[in-house]
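The values are calculated or read from the model by the stated rules, or taken from the named source; none is laboratory data. In this text, all values refer to a predicted model and were calculated from it rather than measured experimentally. Positions of Cβ are generated from backbone atoms using ideal geometry, with glycine treated the same way; all protein chains shown enter the neighbour counts.
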Amino acid sequence: MQNNVSIYTGVECEDDVFLGPSMVFTNVINPRSAVARRDQYLRTLVKKGASIGANATIVCGHDIGRYAFIGAGAVVTKEVPDYALVVGNPARQTGWMSEYGHKLKFNEQGEATCPESGQRYELKNGRVAKLDQ
């Protein structure tokens, strides 16, 4: 966890999660100063190994998948799949990342190899899974 990170009730982070400087989680969809909504906090789960870049905002109720990579300044408004790379406002998926944080390049058979670790991945039915366990 870097400086100025805001984590509120309802947020759960698994092991090996990176939270970049000044990123923020929300916990209520429609906050109002004069309306108490403590009973309406939504849960957000950040799964193992995910990285969230500086100044990103994670709108509550949307889980972040294992080893997903959220770009700096992104505004996440929906679920992020395992290994997905998302950027922008609203955040849109632009690719897939390895567990070592490298963008994966898939061949015609739907396979990719991380250039640093040598781990192999498979893209099938819009999801990525690591082949080497």
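A compact table of results
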| item | result |
| --- | --- |
| Test for Glu111: is it of a type outside the set (Val, Ile, Thr), under 18 Å from Arg127 (Cα atoms) and modelled with pLDDT of 95 or more | yes |
| Criterion violated by Val86 - all others in (1) surrounded by 14 or more Cβ atoms within 10 Å (Cβ to Cβ); (2) part of a loop (DSSP other than H, G, I, E, B); (3) in contact with a Lys or Arg (Cβ under 9 Å, 6 or more places away or on another chain) satisfied | (2) |
| Within segment 5-36, considering residues that are surrounded by fewer than 13 Cβ atoms within 10 Å (Cβ to Cβ) and assigned to a loop (DSSP other than H, G, I, E, B), the one farthest from the chain's Cα centre (by Cα) | Ala34 |
| Whichever residue in segment 43-52 is assigned to a loop (DSSP other than H, G, I, E, B) and either buried (at least 18 other Cβ atoms within 10 Å of the Cβ) or outside the structural domain of Met1 (by TED's automatic domain parsing) (or both) and, among such residues, is nearest to the chain's Cα centre (by Cα) | Ala50 |
| Some residue of segment 91-107 being under 11 Å from the mean Cα position of the chain (by Cα) and loosely packed, with under 15 Cβ neighbours inside 10 Å | no |
| For Leu131: the one exception among (1) outside the structural domain of Tyr8 (by TED's automatic domain parsing); (2) at pLDDT 95 or above; (3) of a type in the set (A, V, I, L, M, F, W, C) | (2) |
